[in-house]
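Novice: Here it is, the structure in full.
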Amino acid sequence: MYIINVRSHYDAAHFIRDYNGKCERLHGHRYEVEVALGFEDLGPGGIAYDFADAKRHLREITESLDHQNLNDLPAFAEIESSAENQARYIYDEMKERLGEFGDRLLYARVWETPNQWAQYSERVIW
Amino acid sequence: MYIINVRSHYDAAHFIRDYNGKCERLHGHRYEVEVALGFEDLGPGGIAYDFADAKRHLREITESLDHQNLNDLPAFAEIESSAENQARYIYDEMKERLGEFGDRLLYARVWETPNQWAQYSERVIW
Amino acid sequence: MYIINVRSHYDAAHFIRDYNGKCERLHGHRYEVEVALGFEDLGPGGIAYDFADAKRHLREITESLDHQNLNDLPAFAEIESSAENQARYIYDEMKERLGEFGDRLLYARVWETPNQWAQYSERVIW
């Protein structure tokens, strides 16, 4: 069993609409994000899935979020821009970009600060 | 499946009583600790469990350990102050503070140095 | 359930033989590696497995890889020196050194850069 994990980041503003506390104010974070893919076997080059391709897909997503007010994006028009929902959004976008390898996606994890992260996955995963 | 994880730290002295080697000498570490909670669904604000609440609970625990000789604390009077037992202590304390959400606690992980950590959980978890 | 994790590193050169892209050129990385072991119970000293022993085993392995061209080593003569295969090699070497505790080994994870890692384990593990 092989897992590969790649990381990217985006700097963005957001606020939580339905919240009492400092997260209701427009603020921002440097978000770090990682996604992991699981494989039973290796392919050519002794590679499970090319890091370069995984990072290219992930960067496409993070570039679309970088230096944005997340609350202004269509992705977060109907749902809150919480770290949890960002993780789910990135998971869904990554899965789509992975095409036939979409079912290899294990999780997307969003670090909102160096001291807190939220993760989304379709399966029960720790 | 959503997981949230929060991190805190404490600087403390300790030694292992039943040990032959340098850990038998009184020494200290900057301990980093993280706890994770798992949820199937999100609540108001698109939030699984408020990071602020999780960090408040965890900091209460880490503040009680900060700048202490762990071996002098009641928690480690009868048991060794190993990283493993610190992880279990923090897990148990966190679970109690989480109240009705106690069963959401997945693990407590204690980084004794940047190069070694110990984790405790009630379930088999990787 | 207790897990302990230790980390080491090695600086090494490598290239992928069967690859079209920049990884086909001889280059190098500072590799960080971590291995984890799982236990149900603690032994003397409140310790699952002595961090010092785990680090000693791991360092023996990483010292054999440090400041080498991985492609010139017997370990990677027949297989590619991808991060995935390095993780598997370190897993196998660690397992052997653990002796009777070999079945406690959960995974070996190789960070090729701060933004990408590959992990090998014998079981399905996340």
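The values are calculated or read from the model by the stated rules, or taken from the named source; none is laboratory data. Since this is a predicted model, take the numbers as computed values, not measurements. As a convention, Cβ positions derive from the backbone with ideal geometry for all residues, glycine included, and neighbour counts pool all protein chains shown. Note: accessible area is taken over every heavy atom of the protein model, side chains too, but ligands, DNA and RNA are not part of it. Shrake-Rupley method; radii C 1.70, N 1.55, O 1.52, S 1.80 Å.
Novice: When only the heavy atoms of the protein chains count and the probe is 1.4 Å, how do A:Thr62, C:Thr113 rank by accessible area, highest first? The partial results should precede the final answer.
Specialist: On the way: A:Thr62 5, C:Thr113 35 Å².
The ranking, largest first, comes out as C:Thr113, A:Thr62.
Novice: So how far apart, in nm, are the two label points at C:Asp53 and B:Leu73 if each is 7 Å from Cα heading toward Cβ?
Specialist: 2.7 nm
Novice: Let me make sure I get this right: for the protein assembly as shown, a, b and c are the square roots of the gyration tensor eigenvalues over alpha carbons, sorted descending. Under 1.5 in a/c it's rounded, otherwise prolate if a/b > b/c, else oblate. Which is it? Before the final figure, lay out each step's value.
Specialist: Values: a/c = 1.96, a/b = 1.00, b/c = 1.96.
Oblate.
Novice: Test of the criteria: in segment C:41-119, which GluC sites (Glu not before Pro) are in a DSSP loop and have at most 14 other Cβ atoms within 10 angstrom of their Cβ? Provide the component values of the computation, followed by the final result.
Specialist: On the way: sites: C:Glu60, C:Glu63, C:Glu78, C:Glu80, C:Glu84, C:Glu93, C:Glu96, C:Glu100, C:Glu112; in loops: C:Glu78, C:Glu80.
Passing sites in segment C:41-119 are C:Glu78.
Novice: Setting aside same-chain residues fewer than 8 positions from B:Lys22, which lysines have a Cα under 17 Å from its Cα?
Specialist: The reachable lysines, counting only those whose Cα sits under 17 Å from B:Lys22, are C:Lys55.
Novice: Right, something else. Above 18 angstrom, tally the Cα pairs of segment A:33-112 and express them as a % of all pairs, no decimals.
Specialist: 42 percent
Novice: Run through all the Cα pairs of segment A:72-124 and give the fraction in each 5 Å bin from 0, expressed as whole percent.
Specialist: 5, 21, 25, 23, 17, 8, 1
Novice: Here is a follow-up. Can you send over the solvent-accessible area of C:Asp41, 1.4 Å probe, protein chains only, in Å² to the nearest 10?
Specialist: 110 Å²
Novice: As a test of reading the structure, rank A:Arg104, A:Arg56 by solvent-accessible area (1.4 Å probe, protein chains only), most first.
Specialist: Numbers: A:Arg104 65, A:Arg56 120 Å².
Ranked list, largest accessible area first: A:Arg56, A:Arg104.
Novice: Show me the trypsin sites (Lys or Arg not before Pro) within segment A:11-46 that DSSP assigns to loop and that have at most 10 other Cβ atoms within 10 Å of their Cβ. Please list the in-between numbers first.
Specialist: Working: sites: A:Arg17, A:Lys22, A:Arg25, A:Arg30; in loops: A:Arg17, A:Arg25.
Those that pass, being in a loop and sparsely packed, are A:Arg25.
Novice: Out of residues 5 or more away from B:Gly43 or on other chains, whose amide H comes under 5 Å of its own, with H placed 1.01 Å from N in the peptide plane?
Specialist: Residues meeting the criterion, in which the H sits 1.01 Å from N, are B:Ala48.
Novice: Would you mind giving the total buried accessible surface between chains C and A, with a 1.4 Å probe and ligands, DNA and RNA left out, rounded to the nearest 100 Å²? Could you put the intermediate results ahead of the total?
Specialist: On the way: alone 7490 and 7470 Å², together 13030 Å².
Buried surface at the C/A interface: approximately 1900 Å².
Novice: Right, next: Just to verify a number: FRET efficiency for B:Glu60 and B:Glu40, C-beta to C-beta distance, R0 = 35 Å, to 0.05?
Specialist: Calculated transfer efficiency: 0.85.
Novice: Under the rule of at least 5 residues apart or a separate chain, name every residue whose amide H is placed under 5 Å from the amide H of A:His9.
Specialist: A:Val33
Novice: Moving on to the next point. Can you list the residues of segment B:1-33 whose accessible area drops by at least 10 Å² going from the chain on its own to the full set of protein chains, with a 1.4 Å probe?
Specialist: When all protein chains are present, B:Met1, B:Tyr2, B:Ile3, B:Ile4, B:Asn5, B:Arg7, B:Ile16, B:Asp18, B:Tyr19 each give up 10 Å² or more of accessible surface.
Novice: Tell me the distances, shortest first, between A:Gly21 and the same position across the other copies, using label points 7 Å along Cα→Cβ, in nm to one decimal.
Specialist: Result for A:Gly21, in nm, nearest copy first: 4.1, 4.1.
Novice: I've got another one for you. Residue-wise, which Karplus ³J(HN,Hα) couplings in Hz belong to segment A:76-81, taking 6.51 cos²θ - 1.76 cosθ + 1.60, θ = phi - 60°, and x for glycine or proline?
Specialist: So the Karplus estimates, Gly and Pro as x, are 10, 6, 9, 10, 5, 8 Hz.
Novice: How much of the accessible area of segment B:1-92, probe 1.4 Å, is carbon plus sulfur, in whole percent? Walk me through the numbers on the way to the answer.
Specialist: Values: 1860 of 4050 Å².
The value for segment B:1-92 is 46 percent carbon and sulfur by accessible area.
Novice: Okay, moving on. When the Karplus curve 6.51 cos²θ - 1.76 cosθ + 1.60 is applied with θ = phi - 60°, which whole-Hz ³J(HN,Hα) does each residue of segment B:92-109 get, with x for Gly and Pro?
Specialist: These are the phi-based 3J(HN,Hα) values: 5, 5, 5, 4, 5, 5, 6, x, 5, 9, x, 6, 7, 5, 9, 6, 10, 10 Hz.
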